[in-house]
Amino acid sequence: MDENQERQLESHGRMTLGRILMEEQPSQLQTELETVVECPVCYNIPRDLPIPCCPAGHIMCKTCRGRVLHCPTCRRQLEDNTSSLAADLIEKVQHKCLYWDFGCTHKDFLRSLVRHEDRCLDRTVQCPGPNGCEEKVQLKEFHRHAVRNTCSVEMKKRTKFNLSKGWMQWDGLTLKKGQEFNLREDLAWSFFHFSKFEQQFYFSAQYFAAEELFLFYVMVVAGIETAEEFTATIAIVNTDDDIKITFEGPVIAIDKVPRSEEELMNSHSCFSVHYRSIRNMLSITEVGENRNVSWSVDFETEVDVSQVMQL
């Protein structure tokens, strides 16, 4: 090896070492910054502004500020101070995923982290009411939760929904019947689940008394990208199979289910059917014994999902 080659090798070595140091220093600085803006109570980096602090400048997150009267770091009395310095820093440090305690180890800057959290495999969802219990549960544990807590039952090819039993007043002979069930009372049934295309789907049915509407939808235990791959078909049928009301529309991702009946009615995924439309499709069966005439009122549905054709 000649002298020029030795100089080139030595120069390359210095450049490599410099690059390593440059890469390590920002990492060390990043870690130190994260420690500075970390809440000393919950050990998370605050996300929401303004960021509370004590008169000496020690910070904490807004949630923990509501639980303490004295600074966790120096024990000074807390007032209404906030830290503008910490507010500038939280966009420049990496934050833990919201679902860190559920097993996710992802860290990122806030702008990117929000996108990750919308798709995080360890994220939690709410068991949607009124069919479900509204408890928060991990997405990947939802099916087990729903079955164990009877928030959902297995769906059959044709599903029967009971509206009333012994409520309707009718002699069984005259053409004119009274109301088949209490129109002023909301109704909701447990979810009905079924598997298809390696996904778990849930069928929801409820009666919204304020509008006299039956509301139906199909949701999938997955994110919005997966939901967009499928179309739901919901049909209300009568026992003679000579009348059918059919809906075809999008499937809802479980974490995008509307929180209220008003929002649900405005969703493209919701099949809304007025009581007057479904009335002639109700099945009325005598269930009384001896001279005690009693009637059971039901309706039936058929549900399926298909894959959206990709262009």
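A short reminder: the numbers here are calculations on the coordinates, not readings from a lab. This is a predicted model, so every value here is computed, not measured. Note: ideal-geometry Cβ built from the backbone for every residue, glycine included; neighbour counts use all protein chains shown.
What angle do you read, to the nearest 10 degrees and between 0 and 90, between the alpha-carbon axis of helix 110-119 and the longest principal axis of the chain? Tilt relative to the chain: about 30 degrees. With each label modelled as a point 7 angstrom along the Cα→C-beta vector, the Lys107-Ser195 pair spans 3.8 nm. Among the GluC sites (Glu not before Pro) within the stretch 97-182, those in coil by DSSP and having at most 16 neighbouring Cβ atoms inside 10 Å are Glu134, Glu135. Between Leu33 and Arg67, the simple spin-label model (points 7 angstrom out along Cα→Cβ) gives 2.8 nm. In this structure, Ala56 and Asn149 have a Cβ-Cβ separation that, at R0 = 35 Å, corresponds to a calculated FRET efficiency of about 0.15. Across Met168, Met219, Met155, mean-square fluctuation computed from a Gaussian network of the chain (C-alpha pairs under 10 Å connected) peaks at Met168. Listed values for the stretch 38-48 are Karplus-derived 3J(HN,Hα) couplings in whole Hz (6.51 cos²θ - 1.76 cosθ + 1.60, θ = phi - 60°), namely 7, 5, x, 9, 9, 6, 9, 8, x, 10, 9, and x replaces Gly and Pro. Here are several values of log10 I(q)/I(0) by the Debye sum over Cα atoms at q = 0.07, 0.10, 0.11 Å⁻¹: (1) -0.49, -0.77, -0.85; (2) -0.42, -0.76, -0.86; (3) -0.45, -0.84, -0.96. Which one was derived from the coordinates shown? Correct label, based on the coordinates given: (1).
Residues of the stretch 111-142 with an amide N closer than 17 Å to a point placed 7 Å from the Cα of Asn44 along the Cα-to-Cβ direction: 111-126, 136-139. Taking amide H atoms as placed 1.01 Å from N in the peptide plane, the amide H of Gln200 lies under 5 Å from those of Val221, each 5 or more residues away in sequence or on another chain. With a simple spin-label model that places each label point 7 Å from the Cα along the Cα-to-Cβ direction, the separation between Lys160 and Ser84 comes to 7.1 nm.
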